[in-house]
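The values are calculated or read from the model by the stated rules, or taken from the named source; none is laboratory data. Since the structure is predicted, the reported quantities are computational estimates derived from the model, not experimental observations. Heads up, the Cβs are rebuilt from the backbone with ideal geometry, glycines too, and the neighbour counts pull from every protein chain shown.
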Amino acid sequence: MKSILAVIDLQNVFADPASPWFTPRFAAILPQVRRLVTAFGDDVVFTRFVAPSRPEGAWQRYYEQWPFALQPPDSPLYQVVDAFSPSSTVDATTFGKWTPRMATRVGGAGLVLAGVSTDCCVLSTALAAADAGVEVTVVSNACAGAADESHAKALDLMRLYGPLVKVATTDEVLG
């Protein structure tokens, strides 16, 4: 079965050690993500988490806690890191990136996930796609969490969704 690689939120806001949303193992996963991007060729989509112009509902409290993040989508904070230069991205103001645009891009293919953070945006995307009937593979060593412990717990949680969600290494995916 054909699969689409979704590279979740490899953005400056998660890469910069000075950012409140810094993901400690961000740099460590880049070689694995690069291998996947190269192997998947044109079947790659990059996503970005961006702030809404006006937060609504529970997101209001969220941005009260993280006011630094209320910046426009073209802010340097929200750009994909320089190691990659996608021609376009699927942007969402939500943790999960399983949006109508992503669903159209994936079509009837499987979905392979890499990126950050395992315990937030990757998890939210994986479960929503699986609920939609998509076969999802999460690449464990091409994802990073807010902390090693939460990364491991998120992977364990996603394994519980098998066979809808599978957790595999880069070597296993490319095997």
The residue that is nearest to Ala152 (Cα to Cα), considering only those in region 124-136 that are assigned to a loop (DSSP other than H, G, I, E, B) and of a type outside the set (A, V, I, L, M, F, W, C), is Glu135
Reported set for region 19-33 where residues are outside any helix (DSSP H, G or I) and surrounded by 13 or more Cβ atoms within 10 Å (Cβ to Cβ) is Ser19, Trp21, Phe22, Thr23, Pro24, Arg25
(1) surrounded by 15 or more Cβ atoms within 10 Å (Cβ to Cβ); (2) not in a loop (DSSP other than H, G, I, E, B) all hold for Asp171 apart from (1)
Cβ pairs under 6 Å, 6+ apart or interchain, first in region 72-89 and farther than 19 Å from Pro20 by Cβ, second charged (D, E, K, R) and at pLDDT 95 or above, ordered by first then second residue, are Thr89/Arg48
The number of residues in region 124-142 that are touching a strand residue (DSSP E or B) at 6+ places or on another chain (Cβ under 8 Å) and either surrounded by 22 or more Cβ atoms within 10 Å (Cβ to Cβ) or among the small types (Gly, Ala, Ser) (or both) is 10
Considering residues that are in contact (Cβ under 8 Å) with a residue 24 or more places away in the chain and out of contact with any strand residue (DSSP E or B) (no Cβ under 8 Å at 6 or more places or on another chain), the number found within region 164-175 is 1
Within region 67-87, the count of residues that are within 15 Å of the chain's Cα centre (by Cα) and modelled with pLDDT under 95 comes to 1
Checking Gly96, Gly110 in turn, the sole residue that is at pLDDT 95 or above, under 14 Å from the mean Cα position of the chain (by Cα) and within 18 Å of Val139 (Cβ to Cβ) turns out to be Gly96
Exception for Val116 within (1) closer than 22 Å to Glu149 by Cβ; (2) within 13 Å of the chain's Cα centre (by Cα); (3) without any contact (Cβ under 8 Å) to a residue 60 or more places away in the chain falls at (3)
* To do: Tell me, yes or no, whether region 102-115 has at least one residue that is over 15 Å from Ile4 (Cα atoms) and touching a Leu at 6+ places or on another chain (Cβ under 9 Å).
  => no
